[in-house]
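This report concerns only the one structure given below.
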Amino acid sequence: MLSVYLNKIFSLNFANLLNAIGLDFEILSSYTFIVVCLGTMILATVAGMVGTITVLKGQSLIGDAIGHSSYPGIIIAFMIGMSLDSVSLMIGAIISGTLAFIIIQFIDKNSKLNLDAVLAVILSAFFGLGMVLKSFIQGHPIYGKVPQGGLSNYIFGQAAFIRTIDVQLILAVAIPSLLILFLFYKEFKIFVFDEVYAKSIGLSSTLMYVLLVLITMSVIATGLKLVGAILISSFLIVPGITALQWSNRFSHVLIIAAIVGSFSAFVGTYISSVYAGMSTGPCIIVVMSGLAFISMFISPKGLLANWLRRRKYLNDLSKSLID
Amino acid sequence: MSENIIVKVEDLTMAYHDKPVLWDNDVNIVENSRTAIIGPNGAGKSTLLKGILGLQKTLSGTVEIMGKSVKQVYKKIAYIPQSNSVNWDFPTTALDVVLMGRYVHLGWIKRPKKKDIEIARNALHKMGMQDYAKRQISQLSGGQKQRVFIARAIAQNAEIYFMDEPLAGVDKNTEKVIIDFLKDSQKQGKTSIVIHHDLNTLADYFDHLVILNKRIIAQGKMSETLTQANLDAADMGGGFTIAAM
Amino acid sequence: MIYQNLLLTKISDFLNYNQQMLLTLIVTGIACSILGCFLVLNKLSMLTDALSHSILLGIVLAYFVTKDLNSPLLLIGAGIFGVFTVYAIGLLSKTRLVKNDDAVGIIFPLFFSLAVILISTFARNVHLDTDIVLMGQVIMIPLNNMTVFGVELPKALFYMLIILLINLIFVAVFFKELKVSSFDPEFATLAGFSSGLLFYGLMTLTSFTAVAAFDAVGAILVIALFVGPAASAYMLTKSLKKMLLVSIIFSMLNSTLGFYLAIVLNVSISGMIAVITGMTTFMTVLLNRQGIITAIYLRHKNRKEFRLDLLIMHLGNHEDQEDAEFELGFATIKDHLSWERETTERRLNRLIDQGFVQRNHEKKIFCLTEKGRLRYDMIKVDYGM
């Protein structure tokens, strides 16, 4: 239904226009492209907004560790359910990612180890467990009979294979996540910029962490099938980093991150559809990172502006010193 | 007594994140003096030390120590940073940290000899820390940590000591040990340059003074420099009067 | 032919396949952990994550040049690319536009993505097996042999032995410099040791070690081998030499345990060693001197020391006061601290033995020595008085 409707709109108004600016209308109007594009765009929008909070809290590598750590959960969910059902695998991913997060916090609080060492150890231990379990079911007589080819997709992602049900799942996570972000906007803002002050006005930072972890975890878990455990962290942090180059206002940063995420998802998906064989996830990440680097260069806070400002400053300084 | 200038700073300008912290400063430190540097918060005291020592980039100006550049005389300079600048959980003992003072003379690759360990032990002893030689540094109190770092400077056998608030947060006993050490070093012909924050003890502990607030407000002998007018000029007069001393 | 065979020593004559694999794993582990100690101390642990993923792009790019998957140039190219990755991350965080963590987080997924795209579009005939990239092929180690100086041994073992040797020499020669620049970089700079030079030396070796290890054990285990044993040792030791030694012991233990468990259960060897490494690290968190379980035990032991401190405090507090002669007599001390006669005697004697307290026979009181007074001041600081 959806595709028929979209098809109509496209063919009526935009077909010639799109062709004129070099976009292939055939691809844009194909059902597969629309499904994949919708999925990645919605995911990248939410991930970009939620991830911005992670970036601002200085925890950008935690997303990477949790992304890797959600992998064994997928295998365990498969072992229990004996099926590749998207929902149950997602729940498995959320549980193992959350467990990893709790262990990371526990070690960080109770030892003199630096957070980065903790992340590295937990990341490799959890992903290692995933590898152990996967090799276990591969050689196992019971699990051998169930098709399990799809499990590998959760490592690198296989956006081209997502179906309507996956898009619905992404929507089911995206809408509540955005709603929470919207409802608690003020609280998140205080929490991000001054945790101590947030506490002093009676805002429970534990509650805020739980909310943040909950939505981050769901976004990661839904994103695994599209981009995979290794690369999902980029979806979280790169749009936020890009947005921070352009604005200092929390609301603007969130909006820019959402735009950067969805735009990259659209372009990345389009490129991977045009050139057969290119994986969608990596394509989106290359576009995203490209935008980030361009922003670092040309934004008002960027290298170019800095360089100009510095030159002017030094000129003024030498003038004033001579006077 | 003729006054030799041992540290000569001319036209020093420094910036942090493109914001100027120090403007066009000339500083002269007298040889064999105990010089205090004072100034309000954000006056650029630590930045000044780091600029003199070449630890932070300068925008303009020259620094001469004993008539040479810092790189040429680095063996004769000891710097005691604010105590929070190192990783206290590092697996190393008090004696080991003091021994690092000897590295300056050893250069690359050469290992410390028995003689160096002896020197390090003596330095610890001078600071009253001989019983803590084998302690891991994280197990020392704030004052003890400060003493270890001063012992490292002693082991280095430097001519000039640069200290960044050595008395901040230390116990009375450590404070006395440190001041005795400064007075002792002066008798041996050494020079110390110390960032200080307590106006009450200033005149007792030091004989020369530099008042800084982004620019040099005043510098010279303690008796001539520590005046109400100078303190007011540095925005440090509020709530404190010379008469109250 | 016969002559050659006489000279040729085959490692398979001494070690079976399993032992060859284990030996290679142990050598790899040691080579990683001695560098890992300095990475952990310099808070660079997550750089190993970045490196182990980025070098895939290095391998792909080098492959486009050499067109040979078995060329040693592939490893050298990848090693150089790893150093470039570290340099790029450093450059990016130096602009102050992003934090260091962000720089790590943006660079390595980009490089990894580029590698995946390049492989899938330009090198489709080279089959990219995701499992091999991440898990390595430990099983294949003994099947890939080469002959060096008349000894036939697994290629991976030979490469790792060379890397281990280079790493050992580097750490032994520059031990002093590495120590001082990781502990206090500012002091190191003032003392004439360029921290930048040491950093890039360390990162160059880390990169080449990661590449060689990546080839044998895969991207994920590389991270565990670098960071896990070093992190455990960091919590347990109070000198750098011991830390290096203990990390080597942990590394051997993890590899051996993980390897045999994997063989018995017939599962991924790399994965199992990574899991065991995580578990030993977690156990160390629980059981080390400042760990949670130890803290409960130590509370008991500290109570003992606390009593001695209390005694010193009592003596110090009353020493200069008028009631000194009364307060510092044996009977009063005993009563005021409400201790048994015997315990009071024992504790006083212990402090006298330690040189903190002396008897004043004339006045029949106890007072602090010079050392005791110093301790008194420190106790006050320790307890925040």
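Among the lysines of chain A, pairs that are 8 or more positions apart or on different chains and have alpha carbons within less than 27 Å of each other number 19.
Going by the alpha-carbon gyration tensor, a ≥ b ≥ c the square roots of its eigenvalues, is chain B rounded (a/c under 1.5) or, if a/c is not under 1.5, prolate (a/b greater than b/c) versus oblate? In terms of gyration-tensor shape, prolate. Please compute the modelled spin-label separation between C:PHE330 and A:ARG163, points set 7 Å along Cα→Cβ, answer in nm with one decimal. About 9.1 nm separates the two model spin labels.
For a quick check: sort C:HIS53, C:HIS314 by the number of other beta carbons within 10 angstrom, fewest at the front.
Ordered from fewest to most neighbouring Cβ atoms within 10 Å, C:HIS53, C:HIS314 come out as C:HIS314, C:HIS53.
Entry note, the protein assembly as shown: the mean residue ellipticity at 222 nm calculated from DSSP H runs of n ≥ 4, each adding -39500 (n - 2.57), is -22000 deg cm²/dmol after division by the residues and rounding to the nearest 500. Of A:VAL210, A:THR32, A:THR54, which is farthest along the charge dipole of chain A in the positive direction, counting Lys and Arg as +1 and Asp and Glu as -1 at C-beta? Of A:VAL210, A:THR32, A:THR54, it is A:THR54.
With a Förster radius of 45 Å applied to the beta-carbon distance between C:ILE132 and A:LYS109, the computed FRET efficiency rounds to 0.75.
Helix screen, chain A: DSSP H segments with Cα axial length of 30 Å or more and mean Kyte-Doolittle hydropathy at least 0.0 are A:31-56, A:86-110, A:115-138, A:250-274.
Would you mind telling me which residue in A:VAL287, A:VAL132, A:VAL213 has the biggest mean-square fluctuation in a Gaussian network model of chain A, where springs connect alpha carbons within a distance under 10 angstrom? Judging by the Gaussian network model, the answer is A:VAL132.
Summing +1 for each Lys or Arg and -1 for each Asp or Glu among the other residues whose beta-carbon sits under 14 angstrom from that of C:GLU342 gives +4.
Coupling constants for segment C:154-161 follow from the phi torsions by the Karplus curve (6.51 cos²θ - 1.76 cosθ + 1.60, θ = phi - 60°), and in residue order they are x, 3, 4, 5, 4, 4, 5, 5 Hz; glycine and proline get x. Between C:PHE84 and C:PHE306, residue separation times 0.36 nm minus the direct Cα-Cα distance comes to 74.6 nm.
Straight-line cross-link partners of B:LYS176 among the lysines, defined as a Cα under 21 Å from its Cα and at least 8 positions apart when in the same chain: B:LYS126, B:LYS145, B:LYS187, B:LYS190, C:LYS371, C:LYS380. Distance between the C-alpha centres of segment C:180-255 and segment C:326-385: 46 Å, rounded to the whole angstrom. Look at the dipole of chain A built from charges on Cβ: of A:MET131, A:SER289, A:LEU304, the Cα furthest out on the positive end belongs to A:LEU304.
Between A:VAL196 and B:GLU31, the simple spin-label model (points 7 angstrom out along Cα→Cβ) gives 4.7 nm.
Less than 5 angstrom separates the built amide H of C:MET146 from those of C:LEU153, C:LYS155, all sequence-distant by 5 or more or on a different chain.
Subtracting the Cα-Cα distance of C:ILE263 and C:SER194 from 0.36 nm times their residue separation leaves 20.2 nm of extension gain.
Compared with the dominant Cα axis of chain C, that is its longest principal axis, helix C:370-382 is turned about 60°.
What are the aspartates and glutamates whose alpha-carbon lies under 20 Å from the alpha-carbon of B:LYS114, with same-chain residues fewer than 8 places away excluded? List returned: B:ASP96, B:ASP131, C:GLU177. For chain B, the longest principal axis of the alpha carbon atoms and the long axis of helix B:94-106 meet at an angle near 80°. Backbone geometry of segment C:267-277 corresponds, through the Karplus equation with coefficients 6.51, -1.76 and 1.60 at θ = phi - 60°, to 3J(HN,Hα) couplings of 10, 4, 5, 4, x, 5, 5, 4, 5, 4, 4 Hz, x marking Gly and Pro. Between the alpha-carbon centres of segment B:122-169 and segment A:78-121 there is a gap of 44 Å.
In this rough spin-label picture, where each label sits 7 Å from Cα along the Cβ direction, the A:TYR31-A:LEU171 distance is 1.6 nm. Among the trypsin sites (Lys or Arg not before Pro) in segment B:26-79, those located in a DSSP loop and surrounded by at most 13 other Cβ atoms within 10 Å of their own Cβ are B:LYS57. Under 14 Å from the Cβ of B:LYS183, count the other residues' Cβ atoms, weight Lys and Arg +1, Asp and Glu -1, and hand me the total. Surrounding charge for B:LYS183 is 0. Net charge in the neighbourhood of B:ALA43 (other residues with Cβ under 10 Å of its Cβ; Lys, Arg +1, Asp, Glu -1) is +2. Springs join every pair of Cα atoms under 10 Å in this Gaussian network model of chain C, and among C:ALA231, C:ALA103, C:ALA210 the largest mean-square fluctuation is at C:ALA103.
Residues whose amide H falls under 5 Å from that of B:SER60, counting only those 5 or more places apart or on a different chain, are B:THR13, with hydrogens built in the peptide plane.
Using unit Cβ charges (K, R positive; D, E negative) and no other charged atoms, how large, in debye to the nearest 20, is the dipole of segment A:25-322 about its Cα centre? Provide the component values of the computation, followed by the final result.
Numbers: 17 positive and 10 negative charges, 156 e Å.
Computed about the Cα centre, the dipole is about 760 debye.
In terms of Cα atoms, the Rg and Dmax of segment B:101-147 work out to 12.1, 32 Å. Computed from the C-beta positions of C:LEU143 and C:GLU362, the FRET efficiency with R₀ = 60 Å rounds to 0.10.
Result for chain C in a Gaussian network model with C-alpha springs under 10 Å: among C:LEU198, C:LEU91, C:LEU244, the largest mean-square fluctuation is at C:LEU91. Panel note: the C-alpha atoms of the protein assembly as shown, placed on their principal axes, show extents of 100, 76, 67 Å (largest first).
For segment B:127-227, evaluate the Debye formula with one uniform point scatterer on each Cα (no solvent term) and list log10 I(q)/I(0) at q = 0.23 Å⁻¹, rounded to two decimals. Once normalised to I(0) and log-transformed, intensities are -1.33.
Label zone of B:ARG111 (point 7 Å out along Cα→Cβ, amide N under 11 Å): in segment C:144-180 this covers C:172-173, C:175-176.
Specify whether the C-alpha gyration tensor of chain A places it in the rounded, prolate or oblate class, a ≥ b ≥ c being the square roots of the eigenvalues: rounded for a/c under 1.5, otherwise prolate if a/b is larger than b/c and oblate if not.
Cα axes put chain A in the oblate bin.
The mean number of Cβ atoms from other chains found within 10 Å of a Cβ in peptide C:223-230 is 5, as a whole number. Across chain C, the longest run free of exposed loop sites, meaning chymotrypsin sites (Phe, Trp or Tyr not before Pro) lying outside DSSP classes H, G, I, E and B with no more than 16 other Cβ atoms within 10 Å, spans C:150-382. Between C:PHE175 and B:VAL73, the C-beta separation translates, for a Förster distance of 30 Å, into a calculated FRET efficiency of about 0.65. Proximity of backbone amide H atoms, modeled 1.01 Å from N, is registered between B:ILE37 and B:VAL194, B:ILE195, B:HIS196, B:VAL210 at under 5 Å, excluding neighbours fewer than 5 places apart on the same chain.
Taken together, the values in this text are just the output of simple stated rules run on the coordinates, not laboratory data. Keep in mind that this is a model prediction, so the values were computed, not measured. Neighbour counts run over all protein chains shown; Cβ positions are idealised from the backbone, glycine included.
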